[in-house]
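Data block below; observations after.
No lab work stands behind these numbers, since they all come straight from the coordinates. Keep in mind that what you see is a predicted model, and the values were worked out from it rather than measured. Here Cβ is always computed from backbone atoms with ideal geometry, including for glycine, and neighbour counts include all displayed protein chains.
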Amino acid sequence: MTARSVEEMWAPFRVSIHVGELTLRVLRDSDIAAIHGVTAAEIFGEPQPDYTFPWLKQKPDPGFRWAHRAQMSPEEWSLDFGVHLDGEVIGSVDLRAKNFPDNHEVVTGSWIYHRLQGRGIGTQVRHAAAVFCFDYLGACRLRSEWEPGNEASQAVSRKLGYTIEGNKAVLSKEDYQPGPEVIVAGMSEELRELLGANYAV
């Protein structure tokens, strides 16, 4: 059978996660272009704090996103989502794992444009990631970390039930504090096999 769309061609492109007015979908090239070159000021505002992401100090290179696609396997993967609101890409959330079939652990990282912060969007994104990882991938733990001083990220983590250890946090499925309704569409056995997440919902 000949594929008629990129969604049919590659399983990650079929997945979408919906929470509130937000839609999370795996980054297409147009999404990568939309957020390429995002600045520290656009994420953290002015004056810029000391805890901006280290990667913001480097020359923007979209190649790592394409590398994540090409190198995805059960041994190591990064599933990179764009966060969409009213047709605009307003941030991203990356779900990363190593040897997922054995440790069932996912590391998450996310950002939202500063102009949209303070509206609970970041919290919704974290809930979307938690539900997807726990209920659809069969993860047992989520990990997150932030630069020292980023109290906002710590507060969101605490809200979801994470155990805080300095600038790092871990969340077990049992400790997760559910939030708004999260709807996942387009999940497939093909994607579970690709990620080493052979788990039936």
Practice prompt. Return the calculated 222 nm mean residue ellipticity for the chain, to the nearest 500 deg cm²/dmol, obtained by summing -39500 (n - 2.57) across DSSP H runs with n ≥ 4 and dividing by the residue count.
Written response: -7000 deg cm²/dmol
Worksheet item: Near LYS57, which lysines are there with a Cα under 25 Å away, not counting those fewer than 8 places off in the same chain?
Response: LYS168
Discussion item. Using a Debye calculation, one point per C-alpha and no hydration shell, please list log10 I(q)/I(0) for the stretch 1-58 at q = 0.21, 0.31 Å⁻¹ in order.
Written reply: -0.93, -1.16
Worksheet entry | Size of charge dipole - the stretch 6-195 - debye, nearest 20, with Cβ of Lys, Arg +1 and Asp, Glu -1, no other charges | 260
Practice prompt. Beta carbons within 10 angstrom, averaged per residue: use that to sort the peptides 156-168, 137-149, highest first.
Written response: 137-149, 156-168
Discussion item. Which log10 I(q)/I(0) values does the chain give at q = 0.13 Å⁻¹ under the Debye formula, counting every alpha carbon as one identical point scatterer?
Written reply: -0.70
Fill in: Alpha-carbon centroids, the stretch 47-103 and the stretch 165-195: separation in whole Å
16
Discussion item. Sorting check: for 183-191, 51-59, which peptide has the highest mean count of neighbouring beta carbons within 10 Å, and how do the rest follow?
Written reply: 183-191, 51-59
Practice prompt. Compute the distance in nm between two label points, each set 7 Å from the Cα along the Cα-to-Cβ direction, one at ASP29 and one at ASP102.
Written response: 3.7
